[in-house]
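Note sheet for the following structure.
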């Protein structure tokens with residue numbers, strides 16, 4: 001069908017639809033390739049003789065996920081992914097002179113798994129995103145005594 005007075009360029013584009021579509025897709029791909037962040041682009045693998053260890057400061061600052069068992073299961077049910085919390089080690093008994101201490105501050109809750117079949121007195125698990133050195137402190141504090149959380 002042809003309309004009198006139609007635009008000749010539009011007619012030409014309609015006749016060459018496949019070519020126009022291919023050019024449009026190529027331009028879109030080029031635009032998207034230009035917007036990829038540098039961190040997402042894999043770097044070249046260095047030769048074995050040029051591999052160097054990362055500085056200790058960089059390794060300790062890396063964020064890792066750490067599962068932590070909190071003593072009060074009811075408190076864990078109040079947590080949602082994305083919440084920021086402080087983890088507190090209750091230490092031993094207060095009569096022994098053990099003071100509660102903050103193990104890590106501002107930990108981000110990554111996940112709150114469903115409660116297991118064990119008794120509620122055993123506590124509940126929560127997965128936190130923390131710096132690598134804080135994950136080591138959490139593991140040590142969790143092994144030595146019960147842990148509690150404070151909401152930020």
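Which residue out of 62, 53 is more than 14 Å from residue 147 (Cβ to Cβ), at pLDDT below 90 and out of contact with any helix residue (DSSP H, G or I) (no Cβ under 7 Å at 6 or more places or on another chain)?
So the residue among 62, 53 that is more than 14 Å from residue 147 (Cβ to Cβ), at pLDDT below 90 and out of contact with any helix residue (DSSP H, G or I) (no Cβ under 7 Å at 6 or more places or on another chain) is 53.
So which residues in region 134-148 are assigned to a helix (DSSP H, G or I), more than 14 Å from residue 67 (Cβ to Cβ) and either modelled with pLDDT of 90 or more or touching a strand residue (DSSP E or B) at 6+ places or on another chain (Cβ under 6 Å) (or both), if there are any at all?
Residue satisfying the conditions is 137 alone.
Being more than 14 Å from residue 148 (Cβ to Cβ), in a loop (DSSP other than H, G, I, E, B) and either modelled with pLDDT of 85 or more or in contact with a strand residue (DSSP E or B) (Cβ under 6 Å, 6 or more places away or on another chain) (or both) is the filter here; which residues of region 89-119 pass it?
Matches in region 89-119: 112, 113, 115.
The values are calculated or read from the model by the stated rules, or taken from the named source; none is laboratory data. Computed from a prediction, not measured in an experiment: that's the story for all the values here. Cβ: placed from backbone, ideal geometry, glycine included. Neighbour counts: every protein chain shown.
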